[in-house]
Amino acid sequence: MSTTLQKTQALQLDLALEIKRICNKHHLRYFLIAGSLLGAVRHQGFIPWDDDLDIGLFREDYDRLLELCKTELDTQKYFLQDFSTDPGYGLCFAKLRLNGTRYVEKNAQKAEAHPGIYIDLFPFDNVPDEVPLQKKQNRKTYFYKRMLLLKQGYRFWAKDEWLKRAVYGLLRFPALFLSAGTLHRRLEKEMRRYNAHRTEKIVAIGGSYGYEKESLRREWMEETVELPYEGETLACPKAYDAYLSYFYGDYMTPPPPEKRGDRHQIVEVDLGVYGQ
């Protein structure tokens, strides 16, 4: 593992502990998800080659956390990034960033948004129980997510990927007639559409695995347990075995070396004063 990655993970852990502090103080439920949960179970910390940290919250706790961050965070050190705090941001979930650092993903090089080292904060919204409504929510949120990202300068293709460039070129045309604010409001409305009533499943619509894979049984996430994480502890779903088996199958067996690392295609890292 490179020294830079180790230092980056240490800073990401600091960010996660700040979220833990605020959530515990105000009795909010949070939990590690995706590769961060896998790391907690298999490595008692970061997966050694992982380059981010993911936290999930039920929507009501997520909204409350974002509101609390306005007064709880040391704004000299931290920046809570979502569309309301950073007009250049294009994602449908929040990030907690470390000021004075740079951690730039390849697809965000041209975005005019805060570039600091970050952790991801995902809201979980309700999935409608009816399959046709699930398909409709999937289509509409996917469309608005992609248009918003294009509007904000994010890119998803390499120079030689002509077909992908053409598809996104077609999406860019309708985005010309809608403001980023309008796209964000429409996306948020669709994400929250079914939250008034309890449903069997919940979904992190901003998750990287896609709507269908990210749709989880609610009971997997309702209870949490503290697990060791890099000498600290962080909250994890109590049903982590069901969750990890669903996502990764035999999750205790690491992938082969050629499938490890650089999932986020980080093209620039500057640790600032933290790199000394």
GNM of the chain, Cα pairs under 10 angstrom: of G100, G261, G153, the biggest fluctuation goes to G261
Within the stretch 40-85, which trypsin sites (Lys or Arg not before Pro) sit in a loop by DSSP and count at most 16 neighbouring Cβ atoms inside 10 Å? K77
How much length would be gained if the chain were fully extended between S245 and E130, taking 0.36 nm per residue of separation minus their Cα-Cα distance, in nm to one decimal? 38.9 nm
Quick one: accessible area per residue over the stretch 1-73, 1.4 Å probe, rounded to a whole number of Å²? 37
With n ≥ 4 as the cut-off for DSSP H runs, can you work out [θ] at 222 nm for the chain, using -39500 (n - 2.57) per run divided by the number of residues, rounded to the nearest 500? -13000 deg cm²/dmol
Longest the chain segment clear of GluC sites (Glu not before Pro) sitting in DSSP loops (not H, G, I, E or B) with at most 14 other Cβ atoms within 10 Å runs 1-111
accessible surface per residue for the stretch 82-130, probe 1.4 Å, DNA/RNA/ligands not counted, whole Å² -> 34
Report the semi-axes of the equivalent ellipsoid for the stretch 1-153 in whole Å, largest first, where each axis is √(5λ) for an eigenvalue λ of the Cα gyration tensor. 25, 20, 18
Among V131, V104, V41, determine the one that fluctuates most according to a GNM of the chain built with springs between C-alpha atoms less than 10 Å apart. V131
Just to confirm my numbers, what's the Cα centroid distance between the stretch 214-271 and the stretch 23-95 in Å? 14
Which chymotrypsin sites (Phe, Trp or Tyr not before Pro) from the stretch 194-262 combine a DSSP loop assignment with at most 16 other Cβ atoms within 10 Å? Y209
I need the fraction of alpha carbon pairs in the stretch 94-142 separated by more than 14 Å, rounded to a whole percent. 65
How many nm is it between the label spots at E226 and Q265, if each spot is 7 Å from the Cα in line with the beta carbon? 4.0
Dividing the alpha-carbon Rg of the chain by 2.2 N^0.38 Å yields what? 0.98
Considering Cα pairs under 8 angstrom that are at least six residues apart, work out the relative contact order of the stretch 174-276 and quote it in whole percent. 13
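The values are calculated or read from the model by the stated rules, or taken from the named source; none is laboratory data. The shown structure was predicted, so the numbers you read here are calculated from the model rather than taken from an experiment. Backbone-built Cβ (ideal geometry, glycine too); neighbour counts: all protein chains shown. To get the accessible areas, we keep the full protein, side chains included, count just its heavy atoms, and leave off ligands, DNA and RNA. Shrake-Rupley method; radii C 1.70, N 1.55, O 1.52, S 1.80 Å.
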